Structure formats: C-alpha cells, structure tokens
Amino acid sequence: MSIHQRRERERAERHRLIIRTARELAEAEGWDAVTTRRLAERIEYSQPVLYSHFAGKNEIVAAVALEGFAELAADLRAVVDKADGPVAAFAAAAREYLAFGLANPALYDAMFTLATDLPFGRPDAPEPLKEAFGALAGTFAQVAGEGDPEAFTEVGWASLHGLVTLARGGRLRPELEQERVELLVRRLLG
C-alpha cells in the first residue's frame, strides 16, 4: 500500500469516526451538544482536523442524515420485500417508518427537521436520499389508486412524519400506536 493510499484510508476512517461520534453524541444528549469542540475532544483530534473534513456543524448533520437515509432505505426495502402484496407492503412500510423515527430521534431530526443544504426532491439529491424516498414512494405508488401517486406519497409521508413528531413529543398515547397505524393505512387506502 502506498503512502497516498494509506493517508486516504486514514482520512476516510477519520471522516466516518466524526460522523459516528456526532450521531452518538446527538442521540445521547441532543444536537445542541454536538459542537466541533466536543467532537474534537471525543475523537481526540484537533478542531482544525475536524474542519478539514467538514466546514461546520451543518455539514456534519447532513453527513449523519445521509447515513440515516441509507439505513431507512434498507429497512424499508427489507420489510417491503417480505410483505405479501402491495397493501401489506404499504402497511409494513408505514410501521417501519414510524419505528425508525421513534427509535432514532436524533438521526430522524438530522434527516427531517434540522436545517441542512441537502437538496430534497431535486435531480442532484444524493443517492441515499433518493433511495429512501424511492423505497417509500415505490411502495406507496402501488396502492395510490387512481390518484396522483406522488401526491398520495406526500400525504402518506406527511401523516407518518406527524405521527413520529407527535409521539416523540409525548402528545400521543403510546398504547394506541398500533391502532393509529392501522387506521392510517385503512383511511389512506379507502
């Protein structure tokens, strides 16, 4: 292995370490706790080393979000592939989306609520973002009926996002979680 290859490998490892540490810190203490100073202390590199990888916190949040989109896409594909038919796939995707959002609050915030420069809904969107939305949209489009599949997907996604947000805020009764998902699926499918 050449010196250049070794340096590139080490740089890539540092990059992954920064992302992983930011995510762990955010999940443990919230995104306000994620500062370049705290990250530098945790990974035992100087702040200039961090800035050689990311221009600032927004870029770190975006990198964490992209990781999350890749994970969400894989999770959605896994449950959809096991489902027996489009209606079951739609229900499974809805349940998986909710479970993902509730299990990973800081990651979900990075993906959907914190400000980033990620280009949503545009051709230049990063591949993990396209894959996650594609997994959701492809499943939802199969049950959209005669309506516009994109509009149906947006309404379904907005409904799921609302359920995640309200549940995380303690504004929904936990014991009704399954009933809410079933009701949402039935109502959206008519």
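The values are calculated or read from the model by the stated rules, or taken from the named source; none is laboratory data. Bear in mind that the values here come from a model prediction, so they are computed numbers and not experimental data. Cβ atoms come from the backbone with ideal geometry, glycine included; neighbour counts cover every protein chain shown.
What residue, of 54, 120, is among the aromatic types (Phe, Trp, Tyr) and surrounded by fewer than 14 Cβ atoms within 10 Å (Cβ to Cβ)?
After ruling out the rest, the residue left standing is 120.
Show me the helices (runs of 4 or more DSSP H) found entirely inside the stretch 16-101 where at least 3 residues are modelled with pLDDT of 95 or more and under 24 Å from residue 118 (Cβ atoms).
In the stretch 16-101, 57-82 are the helices (runs of 4 or more DSSP H) which contain 3 or more residues that are modelled with pLDDT of 95 or more and under 24 Å from residue 118 (Cβ atoms).
Tell me the residue from 154, 175 that is assigned by TED's automatic domain parsing to the domain that holds residue 114, modelled with pLDDT under 95 and either of a type outside the set (Val, Ile, Thr) or assigned to a helix (DSSP H, G or I) (or both), please.
That would be 154, the only listed residue that is assigned by TED's automatic domain parsing to the domain that holds residue 114, modelled with pLDDT under 95 and either of a type outside the set (Val, Ile, Thr) or assigned to a helix (DSSP H, G or I) (or both).
Select, from 115, 151, the only residue that is exposed (fewer than 13 other Cβ atoms within 10 Å of the Cβ) and under 24 Å from residue 34 (Cα atoms).
Criteria check complete, one pass: 115.
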